[in-house]
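Enquirer: Here it is, the structure in full.
Derivation of every value follows stated rules applied to the coordinates shown; laboratory data play no part. Here the structure is a predicted model, which means the values were calculated and not measured. Please note: Cβ atoms are built from the backbone with ideal geometry, for glycine as well, and neighbour counts cover all protein chains shown.
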Amino acid sequence: TNKLRFRPRSYSYLGKVPTLDVFEQPITDWDMVLKSAFDRIVGAIILILLAPVMAIVALAIKLDSPGPVLFLQKRYGFNNERIDVFKFRSLFHDQADPLAAKVVTKGDKRVTRVGRFIRKSSLDELPQLFNVVFKGNLSLVGPRPHAVQGKLQSRLFDEAVDGYFARHRVKPGITGWAQINGWRGEVDTDEKIQKRVEFDLYYIENWSVLFDLYILLKTPFALIKGENAY
């Protein structure tokens with residue numbers, strides 16, 4: 001049907017037999033147009049309003065340690081495509097990790113002084129508004145774009161959670177249902193990644209513009225708590 005937009009690229013197992021996962025894109029036709037317009041318009045407004053804050057953060061990063069202010073990191077996008085997302089640099093330049101292969105932990109010595117603050121407050125994510133407004137490969141709200149080498153201990157996320165790639169049926173977002181419910185930051189237990197995927201799938205199946213607006217309005221309050229982010 002015209003709803004089948006998601007090219008299957010993941011596998012589950014029945015015993016030892018691999019089976020191809022087939023997904024249906026849940027946000028279709030005019031709903032997709034509406035969500036895209038919402039992202040571009042509201043994203044542009046937020047970008048303009050936060051431009052002074054972003055300028056201050058950029059200056060603080062530049063004064064704190066040598067290296068670029070922004071960097072690109074490989075993440076999973078819609079349909080399992082690999083995308084480059086913008087972030088403020090929070091690590092020392094010689095410790096750059098464009099694939100996010102090594103998770104940042106509490107007291108991580110790779111993190112700069114300013115970097116620790118902007119990670120805790122999630123200000124390092126603000127440049128992703130460029131992805132939303134100009135590149136269109138992120139939404140304001142959606143499952144967070146996980147790193148392509150994101151791991152739980154030695155296992156990739158898709159090895160730790162059955163049906164993990166189902167969360168990529170929509171574009172990833174700067175904020176999401178999982179994040180405002182406290183599931184953010186370091187992933188060091190099975191429960192943490194399983195709960196994130198569970199909340200992501202709930203969002204996908206219950207999406208509406210009002211739901212997006214609710215999540216956006218709740219996001220600042222979730223960030224004030226500053227839990228689990230290093």
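Enquirer: Apply the Karplus parameterisation 6.51 cos²θ - 1.76 cosθ + 1.60, with θ equal to phi minus 60°, to every residue of the range 70-79 and state each ³J(HN,Hα) to the nearest whole Hz, in sequence, with x for glycine and proline.
Expert: Each residue of the range 70-79 in turn: 10, 8, 10, 10, 6, 9, 7, x, 4, 6 Hz.
Enquirer: Taking the Cα centre of the range 33-224 as origin and charging only Cβ (+1 Lys, Arg; -1 Asp, Glu), how large is the dipole, in debye to the nearest 20? Kindly include the intermediate steps, with their values, before the conclusion.
Expert: Working: 28 positive and 20 negative charges, 93 e Å.
Once rounded to the nearest 20, the dipole reads 440 debye.
Enquirer: Say the dipole of the chain comes from +1 at the beta carbon of Lys and Arg and -1 at that of Asp and Glu; which of 147, 73, 32 then lies farthest toward its positive end?
Expert: 73
Enquirer: Between 131, 206, 80, find the one with the highest GNM mean-square fluctuation for the chain; connect C-alpha pairs within less than 10 Å.
Expert: Of 131, 206, 80, the Gaussian network model singles out 206 as fluctuating most.
Enquirer: Considering Cα pairs under 8 angstrom that are at least six residues apart, work out the relative contact order of the chain and quote it in whole percent.
Expert: Details: 368 pairs, mean separation 47.2, N = 230.
Rounded, it is 21 percent for the chain.
Enquirer: Fewest to most neighbouring Cβ within 10 Å: what's the order for 183, 207? Walk me through the numbers before you get to the answer.
Expert: Details: 183 23, 207 18.
In order of increasing Cβ crowding within 10 Å: 207, 183.
Enquirer: Taking amide hydrogens as modeled 1.01 Å from N in the peptide plane, which residues meet the under 5 Å criterion relative to residue 138, leaving out close sequence neighbours?
Expert: The list, which skips near neighbours in sequence, is 132.
Enquirer: Provide the per-residue ³J(HN,Hα) series for the range 111-128, in order, calculated from phi with Karplus coefficients 6.51, -1.76, 1.60 and θ = phi - 60°, each as a whole number of Hz, with x at glycine and proline positions.
Expert: For the range 111-128, the Karplus curve yields 8, 6, 4, 5, x, 5, 5, 6, 6, 4, 8, 6, 5, 5, 8, 4, x, 5 Hz.
Enquirer: For the chain, rounded, prolate or oblate, judged on the Cα gyration tensor with a ≥ b ≥ c (square roots of eigenvalues), a/c < 1.5 rounded, else prolate if a/b > b/c?
Expert: Details: a/c = 1.84, a/b = 1.27, b/c = 1.45.
Oblate, since a/c reaches 1.5 and b/c is not below a/b.
Enquirer: List the residues, sorted by chain then number, that are 5 or more residues from residue 170 or on another chain and whose placed amide H is less than 5 Å from its amide H.
Expert: Answer set, sorted by chain and number: 79.
Enquirer: Between 0 and 90 degrees, rounded to the nearest ten: what's the tilt of helix 29-64 against the longest Cα principal axis of the chain?
Expert: Tilt of helix 29-64: around 20 degrees.
Enquirer: In the structure displayed, which of 74/225; 35/109; 35/62 lie more than 32 Å apart, Cα to Cα? Don't jump to the answer; show the numbers that get you there.
Expert: Details: 74/225 27 Å; 35/109 40 Å; 35/62 35 Å.
Exceeds cut-off: 35/109; 35/62.
Enquirer: May I pose another question? Does the range 101-165 come out rounded, prolate or oblate by the C-alpha gyration tensor, with a ≥ b ≥ c the root eigenvalues, rounded set by a/c under 1.5 and, if not, prolate when a/b is larger than b/c and oblate if not? Before the final figure, lay out each step's value.
Expert: Working: a/c = 2.65, a/b = 1.05, b/c = 2.53.
Verdict is oblate for the range 101-165.
Enquirer: Once the Cα atoms of helix 190-205 and of the chain are each reduced to a long axis, what angle between those two axes, in degrees from 0 to 90 to the nearest 10, is obtained?
Expert: The helix 190-205 is inclined about 70 degrees to the chain.
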